[in-house]
Amino acid sequence: MSADDVTKGVACTLKPPVFLHFGGGDSKTQGCCSGVCVIDVALPPGKTTITFKNFYTALVSVRLQRRSPGQEGAAAKWCTALRDRPLMTNPHTEAGAQDYYSIDRKQMQVEPDGVSSIRLILKQPSSAWLTFSVQDVRIFPRMQPVRKELVFPPQDPLDVASVSCRLQQMWALSQVMQSSQSHAASVGRFDVRTTHARTSKYIFHLLTSP
Amino acid sequence: MNEDAELSQTIAQLVRRLKGTHLHAQMEREARECLHQPEIQLDSLKDDVRSFLRTSGWERKLQNAVHRELHVGRLAPSLPAVPAEHLKEPLAYMRKAQASWERRIVKSLNSMSTELGVPLARMRPATEQQELSNKWNEMGTDEPDLSRFRPVYAPKDFLEVVVALRSPNLNSGEDAGARSHWGLVQVPLGVKDIAQLRETYAELSLATGQLGIDDNAHIHPDVFENNYIDIGKKVLAKQDSAAAQQYSRRGCPTGLRADLWALILNSVNQPQDVLHFEQLKAGVLQHDLLVDNLIYKDVKLTASNDDYYFVFEDFLYQVLLCFSRDAAVLEHFKYNSATPPKSYIQGKEGDDDYAVFYPPNGVIPFHGFSMYVAPLCLLYNEPSKLYSVFREMYTRYFFRLHSVSSACSGIVSLCLLFERLLQTHLPQLFYHLRQIGAQPLRIAFKWLVRAFSGYLCTDQLLFLWDRILGYDSLEPVAVLAAAIFAFRADNLMEVTSLASAEAVLADLSTLKVMPLIQIFLFAV
């Protein structure tokens, strides 16, 4: 599983969609379209989030063929992971018709582990459209934190109040130093503030070093 | 679970957007300066600074900025695979139609430039710059020879593009049946019906007091108006954008409207906005664009001939010339289905390193464009304030009226909403008009594209625009168009040609907008 798999997902091989027709017992008459289409997805192991681009599908159901973890020897069984998730708010209108969607494991009714095959059942009850399908189906592996937050190893927690009190004293000291120094030669090109900052930085390091 | 992830993603995006803004810098400065105050304790630093920001009004300003970001355009989707063009417009065939329309406009502009021998942009010589600077406040007195220039396109050309839209996956082979649509727009976009409109625009119902209806001279002001104005003053004192938007749904009192609209749009006129306007003015003085001539021509043809707006001619020139040089407007193309045209330095065509957007703000004005600005001149007399309010209104609403998109406030959806309302509630009228060859959209389209600017009486127009701002949607424009047809239905049933239908609907200046909308939505 490469880094690319995590961010871009893996394009999986879709078997050709099977549109269900009813009527038309003999081969001559074509049955009428029932508005249901089934797509089988050959699934590489270990993947759990599916993203796809819709193309005029109104509802999608996901069925998984999986082997339960306890029963290694038994045959894989089909179970429904997601039933009739709406993709288009109104099947007759264009809203959501070409949008991108994702289905992850939290939305599935069963745990998508040990899955050997996925079946997408697409439904489009409206007769307004010539065809419907989903495009660009990608499967993502189980989400792991890709970007680790930069966490510095916890050092001795600084007691803000006491440090600031000591800093207060140091500032007062440096003020006294500065007023006594002003009688002497001028500091030259250096900004007085930066010398203060440098002094206090050194003092801070002295205070916090173990 | 999923909602939490989406919420945190939205928050992350908003933070990213607000991070570079001036408000962020100001708040940091304020927070740093407040550390000098004695009530800020070190051990409760975070909470003390937060409560300081709350009491000094900075939290409110941040809330207003967040409110603006949520309402402007769409936030990027959560899925990484979604391309940027999908955010501009999800439907592929609409993107194609918009792209081919843009190619036509750019071709027309280029051919105008070649025919007339006027370059797209040229540097003004110093004497001309000085002359223009002297005349800046009275550019209306200038009478350049504009007879050779013609507008790049007019609303009726755009109507043909909208009418020609076809969804490639639409099954139009079937018999018309229950889905028959008599109108010109043939794309099946989702638009609201009357029941849904009643729910969305509940504040316009018969039982609720409104400005535009209950501030009539016959009604004693104590019944509604005085109380409503007091509430408006309180809303302004609070300086809360969301409250002002809710308030505006029932209309804005004339005296408070300018401030309320600026508050809703979060258009605070700070010194850097004035400076920005001055910079744009300097840009106008330095370079002369071909688009400037189109703007001059448009103002002379439309606003200068209008009884109400001719006095604002000079303001219109100032605002529109500066608008066409404002590169900040390019931001809105992220959620606009249009793409700004690119122009190449001579001799380097095709090389993207030498490409610039032309005009600098990416918007080519069409015939009637200046009417978007004209009503705002009634509210704001200071050019930089007028400019920033106009720019906000354009990048939130008006851009949708002249670009092809499937958004529910887009012109295509508005046309479809108008036709559906008319067909559902006035089928006899619609059928009659269709029979005589006067499709209602051909008459109403010019009203929709301009959001009725220049067609209604000014105070009525401002009532309509109050509702546009209050509901953050242009649907009231389509509802009003249908309501006007309903109002004049008796006359329209007797006409026998397109010309006479247009004559019946030519003069809308006596109409009262809010009663028409209210009756159409709630009393039909």
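The values are calculated or read from the model by the stated rules, or taken from the named source; none is laboratory data. Keep in mind that this is a model prediction, so the values were computed, not measured. Note that we place each Cβ from the backbone using ideal geometry, even for glycine, and neighbour counts take in every protein chain shown.
Here is how the numbers come out for the structure above:
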read-out: Matching residues in segment A:65-87 - criterion: being surrounded by 15 or more Cβ atoms within 10 Å (Cβ to Cβ), under 22 Å from the mean Cα position of the chain (by Cα) and either within 14 Å of chain B (Cβ to nearest Cβ) or at pLDDT below 85 (or both); value: A:Leu82, A:Leu87
read-out: Residue, farthest from the other protein chains (Cβ to nearest Cβ), within segment B:10-46, restricted to residues that are of a type in the set (S, T, N, Q) and farther than 25 Å from B:Val235 by Cα; value: B:Thr21
read-out: Hey, B:Glu502 among the charged types (D, E, K, R) and under 12 Å from B:Ile443 (Cβ atoms) or not; value: yes
read-out: Residue ID - farthest from B:Pro168 (Cα to Cα), chosen from residues in segment B:192-224 that are crowded, with 17+ Cβ neighbours inside 10 Å and without any contact (Cβ under 8 Å) to a residue 40 or more places away in the chain; value: B:Phe224
read-out: Residue within segment B:12-20 that is within 23 Å of B:Ser406 (Cβ to Cβ) and exposed (fewer than 12 other Cβ atoms within 10 Å of the Cβ) present; value: no
read-out: Some residue of segment A:109-127 being in contact with an Asp or Glu (Cβ under 8 Å, 6 or more places away or on another chain), in a loop (DSSP other than H, G, I, E, B) and closer than 28 Å to B:Val187 by Cβ; value: yes
read-out: Residue list for segment B:89-99, filter: within 13 Å of chain A (Cβ to nearest Cβ) and either buried (at least 20 other Cβ atoms within 10 Å of the Cβ) or in contact (Cβ under 8 Å) with a residue 24 or more places away in the chain (or both); value: B:Glu89, B:Pro90, B:Leu91, B:Tyr93, B:Met94, B:Arg95
read-out: Residue identified as within 13 Å of the chain's Cα centre (by Cα) and basic (Lys, Arg) among B:Arg391, B:Arg420; value: B:Arg391
read-out: Subset of segment A:122-132 (residues that are surrounded by fewer than 20 Cβ atoms within 10 Å (Cβ to Cβ) and at the interface with chain B (Cβ under 10 Å from one of its Cβ atoms)); value: A:Ser126, A:Ser127, A:Ala128, A:Leu130, A:Thr131
read-out: Those residues of segment B:466-485 which are closer than 15 Å to B:Leu401 by Cα and small (Gly, Ala, Ser), in sequence order; value: B:Ser473, B:Ala478, B:Ala481
read-out: In segment B:341-363, the residues that are part of a loop (DSSP other than H, G, I, E, B) and touching a residue at least 24 places away in the same chain (Cβ under 8 Å); value: B:Pro341, B:Tyr358, B:Pro359, B:Pro360, B:Asn361, B:Gly362, B:Val363
read-out: Among residues of segment A:102-121, those that are within 30 Å of B:Ser406 (Cβ to Cβ) and either in contact with a Cys (Cβ under 9 Å, 6 or more places away or on another chain) or away from chain B (no Cβ under 13 Å) (or both), counted; value: 2
read-out: Boolean, B:Gln210 is within 26 Å of B:Phe398 (Cβ to Cβ) and outside any loop (DSSP other than H, G, I, E, B); value: no
read-out: Looking only at segment B:180-191, and only at residues there that are touching a residue at least 24 places away in the same chain (Cβ under 8 Å) and within 11 Å of chain A (Cβ to nearest Cβ), the one that is farthest from the chain's Cα centre (by Cα); value: B:Val187
read-out: Extreme residue, farthest from the chain's Cα centre (by Cα), among residues of segment B:100-122 that are more than 21 Å from B:Leu146 (Cβ to Cβ) and surrounded by fewer than 15 Cβ atoms within 10 Å (Cβ to Cβ); value: B:Lys107
read-out: Near pairs, Cβ below 6 angstrom, 6+ apart or cross-chain, from segment B:15-38 (within 14 Å of B:Arg50 (Cβ to Cβ)) to any residue that is in a helix (DSSP H, G or I); value: B:Met27/B:Trp58; B:Glu30/B:Trp58; B:Ala31/B:Val49; B:Cys34/B:Phe52
read-out: Verdict on B:Leu165 being in contact with a Pro (Cβ under 8 Å, 6 or more places away or on another chain), of a type in the set (A, V, I, L, M) and within 14 Å of another protein chain (Cβ to nearest Cβ); value: no
read-out: Subset of segment A:88-101 [touching a Lys or Arg at 6+ places or on another chain (Cβ under 9 Å) and either farther than 22 Å from A:Ile118 by Cα or within 7 Å of chain B (Cβ to nearest Cβ) (or both)]; value: A:Pro91, A:His92, A:Gln98, A:Asp99, A:Tyr100
read-out: Condition broken by B:Phe52, with the remaining ones in (1) free of Cβ contacts under 8 Å to residues at least 12 places away in the same chain; (2) closer than 30 Å to A:Ser162 by Cβ; (3) buried (at least 16 other Cβ atoms within 10 Å of the Cβ) satisfied; value: (1)
read-out: Count of segment B:11-32 residues which are closer than 20 Å to B:Glu331 by Cα and of a type in the set (Lys, Arg); value: 3
read-out: Residues located in segment B:484-507, provided they are in contact (Cβ under 8 Å) with a residue 40 or more places away in the chain, outside any helix (DSSP H, G or I) and farther than 25 Å from B:Leu461 by Cβ; value: B:Val495, B:Thr496, B:Ser497
read-out: Given (1) in contact (Cβ under 8 Å) with a residue 24 or more places away in the chain; (2) surrounded by fewer than 21 Cβ atoms within 10 Å (Cβ to Cβ); (3) small (Gly, Ala, Ser), index of the condition B:Ala338 fails; value: (2)
read-out: Those helices (runs of 4 or more DSSP H) lying entirely in segment B:110-207 with at least 2 residues over 30 Å from B:Ala523 (Cβ atoms); value: B:126-134, B:155-163
read-out: Near pairs, Cβ below 6 angstrom, 6+ apart or cross-chain, from segment B:128-154 (closer than 16 Å to B:Lys297 by Cα) to any residue that is assigned to a helix (DSSP H, G or I) and aromatic (Phe, Trp, Tyr); value: B:Met139/B:Tyr317; B:Leu146/B:Tyr296
read-out: Verdict on B:Val477 being β-branched (Val, Ile, Thr) and either crowded, with 24+ Cβ neighbours inside 10 Å or in contact with a strand residue (DSSP E or B) (Cβ under 6 Å, 6 or more places away or on another chain) (or both); value: yes
read-out: Single residue of B:Val82, B:Val49 found to be farther than 23 Å from B:Ile411 by Cα, within 14 Å of chain A (Cβ to nearest Cβ) and not polar (S, T, N, Q); value: B:Val82
read-out: B:Phe366 vs. criteria aromatic (Phe, Trp, Tyr), in contact (Cβ under 8 Å) with a residue 12 or more places away in the chain and part of a helix (DSSP H, G or I); value: no
read-out: Criterion (more than 30 Å from B:Phe310 (Cα to Cα), crowded, with 23+ Cβ neighbours inside 10 Å and touching a Gly at 6+ places or on another chain (Cβ under 8 Å)) met by exactly one of B:Leu433, B:Leu422; value: B:Leu422
read-out: Elements of type helices (runs of 4 or more DSSP H) in segment B:225-316, at least 3 residues being buried (at least 21 other Cβ atoms within 10 Å of the Cβ) and of a type in the set (D, E, K, R); value: none
